[in-house]
Amino acid sequence: MPAAAPLSVAPDDLAQLRRWARSSQLPAVLVQRAGILLLAAEGVTNTGIAERVGVSRPTVLACRRRYGRRGLAGLPDRPRPGRPQTVRRRRRAEILAVTLNPPPPRLGITHWSTRLLARELGVSRDTVARVWREYGVQPWRAETFKFSTDPQLAAKVQDVVGLYLDPPGAGGGAVCG
């Protein structure tokens, strides 16, 4: 099988790829793709790159193709199709706020379960479980979970969740092309 020709990479792109390959902040797949392209630019064979990076040869070929078609902008993964998010920010904040307050005495329980909270709020049990998992909430762990007595808790949780979901100054970085 003939070796692939060294990949022709613009000097500015080479500098960017080197930065990406050293980054600890970027997604691992982007760091890996930068490493693949740097080796390709050095003239390492596709099989050699695959062995050194620990990926398959088709992965190396796909990475070269991505760069050839769209340059650096082709390296990050594009958003994938799928069902759009159905539980909006306010609803998530409401689920968290209710979770962090004790259940009403009429229920006769000490903490919320996904099923009871879902029934109380009129959402699915899976939705409650997903929000709890996303934020690491585990109300059944009495030794680490405490109810707040702060009457402003719901508003504070909503503010924090809002900042988490839409941080100030989030406008994308160099990776999003």
- Check on R106, modelled with pLDDT of 85 or more, among the charged types (D, E, K, R), out of contact with any Asp or Glu (no Cβ under 6 Å at 6 or more places or on another chain) and over 18 Å from L7 (Cβ atoms): yes
- Item | Tally of residues being in contact (Cβ under 8 Å) with a residue 12 or more places away in the chain and small (G, A, S) across region 30-54 | 5
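If I go through region 48-95 residue by residue, how many of them are assigned to a helix (DSSP H, G or I) and either over 22 Å from W20 (Cα atoms) or among the basic types (K, R) (or both)? First the steps, then the outcome.
Just the residues of region 48-95 that are assigned to a helix (DSSP H, G or I), to begin with: 48-53, 57-74, 89-95.
Checking the rest, the ones that are also either over 22 Å from W20 (Cα atoms) or among the basic types (K, R) (or both) come to 52, 57, 64-66, 69-70, 89-95.
Summing the residues that are assigned to a helix (DSSP H, G or I) and either over 22 Å from W20 (Cα atoms) or among the basic types (K, R) (or both) in region 48-95 gives 14.
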- Query: List the pairs whose first member sits in region 134-149 and is at pLDDT below 65, whose second member is among the aliphatic types (A, V, I, L, M), and whose Cβ atoms are under 7 Å apart, counting only residues at least 6 apart or on separate chains?
  - Reply: F147/L100
- Message: List pairs: first residue in region 11-29 and closer than 21 Å to T59 by Cα, second residue surrounded by 12 or more Cβ atoms within 10 Å (Cβ to Cβ) and aromatic (F, W, Y) anywhere in the structure, Cβ distance under 7 angstrom, at least six positions apart or on different chains.
- Response: L26/W20
- Note on the structure: Cβ pairs under 7 Å, 6+ apart or interchain, first in region 55-82 and closer than 20 Å to L26 by Cα, second part of a helix (DSSP H, G or I) and among the acidic types (D, E), ordered by first then second residue, are G71/D13; L72/D13
- Considering (1) under 30 Å from A21 (Cβ atoms); (2) loosely packed, with under 13 Cβ neighbours inside 10 Å; (3) within 27 Å of the chain's Cα centre (by Cα), say which one G35 fails and leave the rest. (2)
- Checked V98, V131 against criteria (touching a residue at least 12 places away in the same chain (Cβ under 8 Å), within 25 Å of the chain's Cα centre (by Cα) and buried (at least 16 other Cβ atoms within 10 Å of the Cβ)); the one match is V131
- Hey, among the residues in region 101-128 that are touching a residue at least 24 places away in the same chain (Cβ under 8 Å) and assigned to a loop (DSSP other than H, G, I, E, B), which one's farthest from the chain's Cα centre (by Cα)? T110
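Residue-wise test of (1) polar (S, T, N, Q); (2) farther than 30 Å from L163 by Cβ; (3) touching a His at 6+ places or on another chain (Cβ under 7 Å); (4) in the same structural domain as D159 (by TED's automatic domain parsing).
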| site | (1), (2), (3), (4) |
| --- | --- |
| N46 | yes, yes, no, no |
| A50 | no, yes, no, no |
| G54 | no, yes, no, no |
| V60 | no, yes, no, no |
| R69 | no, yes, no, no |
| P102 | no, no, no, yes |
| P105 | no, yes, no, yes |
| T114 | yes, no, no, yes |
- Task: Could you grab me the full set of residues in region 29-47 that are in a helix (DSSP H, G or I) and aliphatic (A, V, I, L, M)?
- Result: V29, L30, V31, A34, I36, L37, L38, L39, A40, A41
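The values are calculated or read from the model by the stated rules, or taken from the named source; none is laboratory data. As the structure is a computational prediction, the values presented were derived from the model and not from experiment. No Cβ is skipped: glycine too gets one built from the backbone with ideal geometry, and neighbour counts run over all protein chains shown.
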